[in-house]
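Heads up, the thing below is written out as structure tokens.
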């Protein structure tokens, strides 16, 4: 009887200590904004200066239009649009901020390794056959938020992102749209403190 009881206790202890694979869950975390919550009631988006003009594409004005539209969807208070930053705002606004800055969209043809065509290990060196040309577009945005009342710089941040295309004739508009969308995803939580979703591993016993 004692042996049977000891065996039962051992099996119960082993079952209790048996590891169970973790469960992945999604949790919403509060965003951390660059400016105190409730410190402004209006956002004015100005045209961005173009550090590297792209023929046929008004990058500075296009970025201002895009950000004004996207911020307007997330911000429940007024969002205005204006031309160059030195013209904004037309009248003093005590609790408004002006978003402006400089943008550069630059395209460059680069050689990259095509892993699908890379040679297997062998006695012959044929690495050159696995090189392909790609068109890389890089967008750099030096964004500044100023007080509309007195022009004080409230915060400044540089965003940089890039996108590669195998099609060397890919128009700049495609890269601009994709890179602007990535900028929106990084800027809105910073500006508005929007919550973010992250993955966590939930351990079970």
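Just wondering, is there one or more residues in segment 31-52 that are under 20 Å from residue 179 (Cβ atoms), over 21 Å from the mean Cα position of the chain (by Cα) and part of a loop (DSSP other than H, G, I, E, B)?
No, there is no match, as no residue in segment 31-52 is under 20 Å from residue 179 (Cβ atoms), over 21 Å from the mean Cα position of the chain (by Cα) and part of a loop (DSSP other than H, G, I, E, B).
In segment 142-168, how many residues are within 18 Å of residue 68 (Cα to Cα) and touching a helix residue (DSSP H, G or I) at 6+ places or on another chain (Cβ under 6 Å)?
1
Out of segment 149-205, which residues are in a strand (DSSP E or B), modelled with pLDDT of 85 or more and loosely packed, with under 10 Cβ neighbours inside 10 Å?
Within segment 149-205, the first condition is being in a strand (DSSP E or B), and the residues that meet it are 153-165, 196-202.
Among the residues that remain, those that are also modelled with pLDDT of 85 or more are: 153-165.
If the condition is that a residue be in a strand (DSSP E or B), modelled with pLDDT of 85 or more and loosely packed, with under 10 Cβ neighbours inside 10 Å, then 153 is the only one that fits.
Where residues in segment 85-102 are surrounded by fewer than 19 Cβ atoms within 10 Å (Cβ to Cβ) and touching a strand residue (DSSP E or B) at 6+ places or on another chain (Cβ under 8 Å), which of them is modelled with the lowest pLDDT?
Here the residue is 89.
Return the pairs, sorted by first residue and then second, in which the second residue is part of a helix (DSSP H, G or I) and at pLDDT 95 or above, the first residue lies in segment 44-67 and is more than 18 Å from residue 98 (Cα to Cα), the beta carbons are less than 7 Å apart, and the residues are 6+ apart or on different chains.
Once the first residue is more than 18 Å from residue 98 (Cα to Cα) and sits in segment 44-67, its partners that are part of a helix (DSSP H, G or I) and at pLDDT 95 or above give 57/176; 59/176.
Any residue at all in segment 103-116 that is surrounded by 11 or more Cβ atoms within 10 Å (Cβ to Cβ), at pLDDT 80 or above and not in a strand (DSSP E or B)?
no
The values are calculated or read from the model by the stated rules, or taken from the named source; none is laboratory data. In this text the structure is predicted, and so the values were computed from the model without any measurement. Ideal geometry is used to build each Cβ from the backbone, glycine not excepted, and the neighbour counts take in all protein chains shown.
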